[in-house]
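Rule-based calculations on the coordinates, nothing more; no lab input. In this text, all values refer to a predicted model and were calculated from it rather than measured experimentally. Glycine also receives a Cβ, built like all others from the backbone with ideal geometry; neighbour counts cover every protein chain displayed.
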Amino acid sequence: METFTPSLEKVDSELLEKTKNFLSVEKDKNPKNTSKDCKNFQTKTTSNTSSMATREYVTRNKAKGPYTHTSLPPTQKRQKKDTNSQEQQQQQQNQIATSHVTQTRDVIISENTFTQTFEQNEGLPSPNIAQPSTSTAQATVIYTANPDLEQTEETNLLTEETNLLTDETLDDVNWENVSYNTRHALLIMADNIEGEGLREKRRVMEKIIPMGIRYVGTCVKRIDNTTYIKIDFPTHEHMEKMATLFDTKNIKYEVNDYKKRSLTQNDRKNEIVVKDIPLETSQIDIEKHFSSYGDIETIRVKALNQWHTANITFKDTETASIFNNKWSDIVKKDSVRIYTAENFEENKNTRTEFCAKLCNLPRNTTGFDIDDFIKQQGGKTCFIPRHPESYNRLRYAYVCFEKQEDLDRVLYDTKEYYLRNFKVFWTQEKSKNCNICQSPEHLAKNCPRKNDRRRNEKRITKLAALYERKNVETTNAKTVINKAIKINSKKSYSQVATEAHVSQTINARLDNMEGRMNRVEKLLETALFALQQIIKKGED
């Protein structure tokens, strides 16, 4: 078979003539489109190479130019590719690499970045990665030449240098600490003033101040568990005038010397802080216990969450220095933690740094019961938490040690220890255990002892019913009956929810009934008033 293939020169010449004719016709038809602002032409060219027909749509807009950003230099137009020689391609790539600017970010990479990576990876096999052919476009490193960006970098460096200079010169700047105006105050004990409440006692003291003596105000102040009414004066002269008046009226007072109090507060060498005191332990019990070490000057007890905290000040520093090495003590049957007040935060951190958890204690185990065992293990403090509602002691304790070696020796000890047939064991401070069986392998919701507890409850209820029928009056029978009463009085979550819902519905119904009754009463009142008016009109 013979195929007809026209020569390329004839085809190109024919296409050029056709396009010229087409453009001349379009110009004659639409003279408006020949303006400088709007010159859009779309030409469709066809080429037949190697018996394959292809179409190219070329849009040309002479009015439009390349994208020009305010902070970027104008880009140059790319030249048309000439696929005849590889040298021209290389020149075009170099031109693009030197003149192109990215719009989003500027990439600064060394020239040998890609070449080094390719040379390193030449020896590695890459069966699943398609290798690019020589005709495809290769990755090029983009260089930027932006003077504005260089200026911004220089300004940033200058600001950083100025900030450093200002930070260095801050210490040399002259500055002054401004304080409040000093108030000159007198303190009068609230018990020595007439009146029922503190507010009334303040008014009584304000009425005593005569004309000619200026005062700032009065307030209530508590110092060492005693309540005072404090009167502030603007100057020392006015305070002295008021003091002489109190002397004439035989009113006892004290001068509020703030400087002396601040010095005594800062000097806390004679003071200790006792924490984790149970709420049932009174201030008298604490004072009796610690007075065995030495004479106590002051003691202040306050409640913090579930525990009491006591600040005890001794008369001499020798007594307080005993507790530099003594971290805890037994008050009645509970273990309390002790800290020296001087550098309190530092002592608190050092005395709680190495801590372990002693688990599976028998129920209601106290600090007194395990004090000897804790000392044998090298423990310095022992803290047994309490339940937030019942306030019963939990079945684990936190024990703090002085050194890391003591802590490691306890945690990695293979010896077994038993307290009243309960196998106790050591774990990390933050480990979570089951609250029922104290096992570290599961939590309370997955404890297997729950089923055993239900079986025991059924057995106890059956035994209690049998003892009641037979009128058994022994002590153990009474305990079984009391246990059965407690078991039967327990309510499930669904029962509590239903009871609450029923009570809410009953209350809502009662409220609706009251509202309806009030409406009926109002209607009856209006009806009676209307009848009375009608009767009056009929009589008239």
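Data overview
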{"item": "Summed side-chain charge close to residue 210 - residues other than residue 210 whose Cβ falls under 15 Å, Lys, Arg +1, Asp, Glu -1", "result": "0"}
{"item": "Net lengthening on full extension, residue 416/residue 23 (0.36 nm per residue, minus Cα-Cα)", "result": "131.1 nm"}
{"item": "Pairwise FRET efficiency - residue 297 versus residue 326, Cβ, R0 = 22 Å, nearest 0.05", "result": "0.70"}
{"item": "Residues 442, 501 arranged by fewest to most Cβ contacts within 10 Å", "result": "501, 442"}
{"item": "Gain in span if fully extended, residue 490 to residue 391, counting 0.36 nm per residue against the direct Cα distance", "result": "33.7 nm"}
{"item": "Order of 480, 336 under a 10 Å beta carbon neighbour criterion, fewest first", "result": "480, 336"}
{"item": "Distance in nm between pseudo-label sites at residue 523 and residue 194 (7 Å out along the Cβ direction from Cα)", "result": "6.3"}
{"item": "Of 333/423; 302/332; 221/326, pairs whose Cα-Cα distance is over 29 Å", "result": "221/326"}
{"item": "For 226, 218, order by how many other beta-carbon atoms lie within 10 Å, fewest first", "result": "226, 218"}
{"item": "Cut-off 18 Å, label 7 Å out along Cα→Cβ of residue 203, residues of the stretch 214-233 by amide N", "result": "217-220, 229-230"}
